[in-house]
Amino acid sequence: MIRAIFLDLDGTVYRGSEACPDAADSIAEFIRRGFAVRYITNNSGARPESVRAKLVRMGVPSQPDWVVTSGMAAAKEIAHSFHKVGVVGNPGLMESMIEAGLTIVPYCDAEAVVVGLCFEFDFTILQEASDAIRNGAVFYATNLDKTYPYDGGRFAPGAGSLIAAVVAASGVDPIVVGKPQPTMAWQACDELGVEPREVLFVGDRIETDLDCALAAGCLPWLVLTGVSSEIPDGVLGSETLAGVLDYLENS
Ligand SMILES: [Mg+2]
C-alpha cells in the first residue's frame, strides 16, 4: 500500500526553468488522492523556500517542508553526534547547518567537516579541510555527483569533484549522505511517519535515484523526462509522471 511519493527534482519534476511534461498535473493529482509528496534532491546548497517558489512558479504544488536537500540531510546526521562543524560549501549548506543547531567553526576546530558544492573552493580550503580530517574530524560528503548540467548543454563540476580532491588530499573516505545512499529517504519517512515500503520513489537516474530507493526499501520508479532514454527490463517506469497515476490506480 503506497502512502507517499518521493520525487527527484532535476529531470523528474523540472528541466531548467520548465516543468517536465505531465509533472504539474500529476503531482496535483497525487495530492488530491491523499498521497504525501516529498522532493528529494542531491543539490546541497538549495534552499527549501527558493525551491518551493520555483516549483510554484511552474504550477507544481509544493510547501517548504516538502523539500529535502542533501545539505539538510547532512546537517541532521551531523547534529546527531556533533556540535562544531567546518563547512566546505555554498551559503545554502551553511544555513542548513545553522538551522540544525550546529556551530560553524574554522576547520582546525571542527569535530566534523562537511563538503558539498562550493564555488569558493581553492587550495587553502583544500589544505585546511584535509588537515582537519587527517587530524580526526569526521568527514561527511553531501553527495558524490561529479558534474551537473549547466546552461547551454555544458557540465559544471559538482560536489563529487571537490570531494574527490579532499579524499585524495586527506587519505580518508567520507560518510556520504546524498542519493544513492538511503539517508535522505529514511529521514523523509521518519518525518512523515511512513515505512519505506509505503513509498514510491520516482527519479530519472538509475544509479542515484533508483539505487537510493532500493537501498532505502522504497518502490523505485523510472521516468524518461531526464537523463534516461529507456526503461530496462525488470525496472518499473513510464515516459512521464502520468504513468505513476495509472500504476497507483491499478495496483
Ligand atoms: Mg534527476
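Outside the structural domain of residue 238 (by TED's automatic domain parsing) and either away from the ligand (no atom under 16 Å from the Cβ) or in contact with a Lys or Arg (Cβ under 9 Å, 6 or more places away or on another chain) (or both): is that true of residue 203 in this structure? Full working, then the answer.
On the way: outside the structural domain of residue 238 (by TED's automatic domain parsing): no; either away from the ligand (no atom under 16 Å from the Cβ) or in contact with a Lys or Arg (Cβ under 9 Å, 6 or more places away or on another chain) (or both): yes.
Spelling it out, it is not the case that residue 203 is outside the structural domain of residue 238 (by TED's automatic domain parsing) and either away from the ligand (no atom under 16 Å from the Cβ) or in contact with a Lys or Arg (Cβ under 9 Å, 6 or more places away or on another chain) (or both).
Which condition does residue 37 not pass, out of (1) part of a helix (DSSP H, G or I); (2) within 15 Å of the chain's Cα centre (by Cα); (3) surrounded by fewer than 21 Cβ atoms within 10 Å (Cβ to Cβ), if it passes all the others?
(1)
Which residue out of 50, 70, 81, 44 is among the small types (Gly, Ala, Ser), without any contact (Cβ under 8 Å) to a residue 60 or more places away in the chain and touching a strand residue (DSSP E or B) at 6+ places or on another chain (Cβ under 8 Å)? It would help to see each step written out before you state the result.
Values: 50 fails: touching a strand residue (DSSP E or B) at 6+ places or on another chain (Cβ under 8 Å); 70 fails: without any contact (Cβ under 8 Å) to a residue 60 or more places away in the chain; 44 fails: without any contact (Cβ under 8 Å) to a residue 60 or more places away in the chain.
The unique qualifying residue is 81.
Report yes if residue 186 is surrounded by 15 or more Cβ atoms within 10 Å (Cβ to Cβ), outside any loop (DSSP other than H, G, I, E, B) and more than 16 Å from the ligand (Cβ to nearest atom), otherwise no.
On the way: surrounded by 15 or more Cβ atoms within 10 Å (Cβ to Cβ): yes; outside any loop (DSSP other than H, G, I, E, B): yes; more than 16 Å from the ligand (Cβ to nearest atom): yes.
Yes, satisfied.
If a residue counts only when it is surrounded by fewer than 22 Cβ atoms within 10 Å (Cβ to Cβ), touching a helix residue (DSSP H, G or I) at 6+ places or on another chain (Cβ under 6 Å) and in contact (Cβ under 8 Å) with a residue 12 or more places away in the chain, which helices (runs of 4 or more DSSP H) contained entirely in region 91-171 have at least 2 such residues?
Values: elements: 91-99, 123-134, 159-170.
Answer list for region 91-171: 123-134, 159-170.
Output the residues belonging to region 1-34 that are near the ligand (Cβ under 10 Å from one of its atoms) and assigned to a strand (DSSP E or B).
Of everything in region 1-34, those that are near the ligand (Cβ under 10 Å from one of its atoms) and assigned to a strand (DSSP E or B) turn out to be 7, 10, 14, 15.
Search region 172-182 for residues being touching a residue at least 60 places away in the same chain (Cβ under 8 Å) and in contact with a Cys (Cβ under 9 Å, 6 or more places away or on another chain), and hand back the single one that is surrounded by the fewest Cβ atoms within 10 Å (Cβ to Cβ).
First pass over region 172-182, keeping only residues touching a residue at least 60 places away in the same chain (Cβ under 8 Å): 175, 177-179.
When the remaining residues are screened for being in contact with a Cys (Cβ under 9 Å, 6 or more places away or on another chain), the result is 178-179.
On the way: 178: 27, 179: 30.
That would be 178.
Does any residue in region 206-235 that is at positive phi come within less than 6 Å, Cβ to Cβ, of a residue that is modelled with pLDDT under 95 and not in a loop (DSSP other than H, G, I, E, B) six or more places away or on a different chain, and which pairs are these?
none
Tell me the residue from 44, 26, 62 that is closer than 15 Å to residue 141 by Cα and touching a helix residue (DSSP H, G or I) at 6+ places or on another chain (Cβ under 6 Å), please. Before the answer, list the steps.
Details: 26 fails: closer than 15 Å to residue 141 by Cα; 62 fails: closer than 15 Å to residue 141 by Cα.
It is 44.
Counting only residues that are in a strand (DSSP E or B) and under 16 Å from the mean Cα position of the chain (by Cα), which one in region 40-86 is farthest from residue 175 (Cα to Cα)? Explain how you work it out, then say what you get.
Start the filter on region 40-86 by keeping residues that are in a strand (DSSP E or B), which leaves 40-41, 67-69, 84-86.
Then keep just the ones that are under 16 Å from the mean Cα position of the chain (by Cα); that gives 40-41, 67-69.
Values: 40: 18, 41: 17, 67: 22, 68: 18, 69: 16 Å.
Top of the filtered list is 67.
Okay, residues lined up against (1) within 19 Å of residue 83 (Cα to Cα); (2) of a type outside the set (A, V, I, L, M):
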residue	(1), (2)
119	no, yes
125	no, no
133	yes, no
142	yes, yes
150	no, yes
161	no, yes
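Could you list, in sequence order, all residues of region 195-218 that are more than 16 Å from the chain's Cα centre (by Cα) and surrounded by fewer than 19 Cβ atoms within 10 Å (Cβ to Cβ)?
Residues satisfying the conditions are 195, 197, 198, 217.
The values are calculated or read from the model by the stated rules, or taken from the named source; none is laboratory data. Small disclaimer: the values here were computed from a predicted structure and weren't measured. As a convention, Cβ positions derive from the backbone with ideal geometry for all residues, glycine included, and neighbour counts pool all protein chains shown.
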